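Okay, so here's the structure we're looking at.
Read-outs throughout are calculated quantities, based only on the coordinates presented, and are distinct from any laboratory measurement. If you're wondering where the values come from, they're calculated on a predicted model, not measured in any experiment. When we count neighbours, we look across all protein chains shown, and the Cβ atoms used for this are built from the backbone with ideal geometry, even at glycine.
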Amino acid sequence: MQGAIARVFVVVAAAILNHPLLFPQENTTLPEQDEALLARMREHEKMLELEQARLELELLYAGTEQQDPGSEDGYGWYFWSALSLVIFFTIEVCRQDLADMEARYTDDEDGFVEGGSISSKTLQLDKGVLNSFCERCIHTSAHENWRVREFVEGFADDLLESLRSVCDRETDMEVADFVGVGSMFESWRVSKPLMCDLIVPFAPPEPYSFQFQLWCSPSSDVPLDMQGCGRIKVTKVGENEDGCLCGSANLGEDMLCLLHSKNEKPRADHTPDDLLCSKNTPYLAKDQVMKWFQISVTKAWGRISHKYEFELTFRNLDAAGALKVRFRSGKVVVMNIIPVVELDGTNAYFVSHFPSDSSTSSDTYWPLSFAVYERNLLKHVAKSLPGNSCHLHCLQIITFLHKKQMGLTGRCALTNYHLKTTLLHLLLSKGSSSWGSESLEHRLRDMLGFLHRSLQEKRLCHAVVGNSQVPPEVRVPATFHTAEPINLFRPLVLQRELYADTLRHFQEMLRNAPVLIQEYTPLLQNGDTHHRLNSMAQSE
């Protein structure tokens, strides 16, 4: 009886240890198309199931046919059970070694060398073709980008001024001037239609204020999966600090308030809905803010629409300020006007939503944007680079390839923000002299190699938060400079299918890169290049 139980336990343990789900293929590139390997694994698993069933039947009859534990047969079964366990462990180790060998062989076939670098076999790029692509495509769009920025800034000023006029200063949020962020304001936007990202800080009406709870605070209760986020608490002056009590206390007829005149009426208390808080909580709600901002923008446009000869529509009802301008000529300009809350005394902003983020998170946890610090970091580093540096060209080429690949295989977890983060890491780690125009091809391979390693490790650290390489001239607050780094690829760790799709997207992008660049470059060498390129981009 004891011997049979031991044998069943050994076989079950071996079957569990040998099951593929126990050793997930998260950090390997084992080809799932290898039918021969999969067939051998299925056959092996069926054999284990049959053996387990046979031993379970034997266990049922073991009670009537007791064996002496000290007999030769009993010790023999213990010996074979132990030997089976050793064999199964050996098979498992060999299988993992085989998977690693095949993954390395696959990477080698695709041109990946040890460490995730990109070899010339993978990315065969002609230096002349790259230079032609940059000069014709990127340089010709620089003037147009400047014109679009000028229009967007003027229109946004007018729209926000109208928005302030339709808001009640006593009860509505106070809207400040916009701040331009993102690719258009960092001079690396090339895709059509041209898109501008504007963040618009807002503050509560008096006597209310915002208090912030950051994920990196010592006493923070922000969940671990909300790294880079915080909560915004709406408080009234006098609740947590000393304030004027004339509106809440009976001072008598002979007492005067030195802060308020005799005829000034105390402000009425606001409801949580007026303050855009989540239901039954004092915390600012993203959904409430989005609804308020969308209604306010609609009213503001209604007051000034007669001044403009174009059509303004909302591109996405889930994103309050996602606007599209269509001129009579057919030209389209896209802008994201995003309501944000400024963190006291910093250039960091709590953002209601990111344009490229389709994920849903808690309504009261706001992601923190460091876009202004990232823009300042790019400007600071650019001062020490050669006059005709290639760093922005590298980013523009990769974003171009990424967009074209998304048109072929669909969206994935990889975003332009990840590509910009990759560039910032390389700018901080490589010498200034390495970014000359003659090094475009090498730096392009470096960026792709860095991104490939990050995907393999499922780890891409934030460029600003917790990065000791950021120079002090950028003036990142000490709270964030010394914080634990944020892993931007954390979703890839938790979602296997998303990781597999993203890795497949990246590998396909590398394979198609030479063809795409070569395909668009001949168009750029014709006299009618600019018109044809714009028509192709707008048709996508």
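Annotations
- Once backbone amide H atoms are built at 1.01 Å from N, GLU174 has ALA203 as its partners under 5 Å, excluding neighbours fewer than 5 places away on the same chain.
- Potential extension, SER433-ARG326 segment - 0.36 nm per residue separation minus Cα distance: 34.2 nm
- Cα gyration tensor, the range 340-486 - rounded (a/c under 1.5), prolate or oblate: oblate
- Anisotropy class of the range 423-489 from Cα gyration tensor, a/c 1.5 cut: oblate
- The peptide list 207-214, 179-186, 492-499, put in order of mean Cβ contacts within 10 Å with the highest first, becomes 179-186, 207-214, 492-499.
- Subset of LYS127/LYS383; LYS233/LYS291; LYS299/LYS420; LYS279/LYS324; LYS331/LYS458 violating a 30 Å alpha-carbon distance limit: LYS299/LYS420; LYS279/LYS324; LYS331/LYS458
- With 0.36 nm allotted per residue and the present C-alpha distance subtracted, the GLN469-GLU170 stretch has 103.1 nm of extension available.
- Stretched out straight at 0.36 nm per residue, the stretch from ILE87 to ARG42 would grow longer than its current Cα-Cα span by 14.4 nm.
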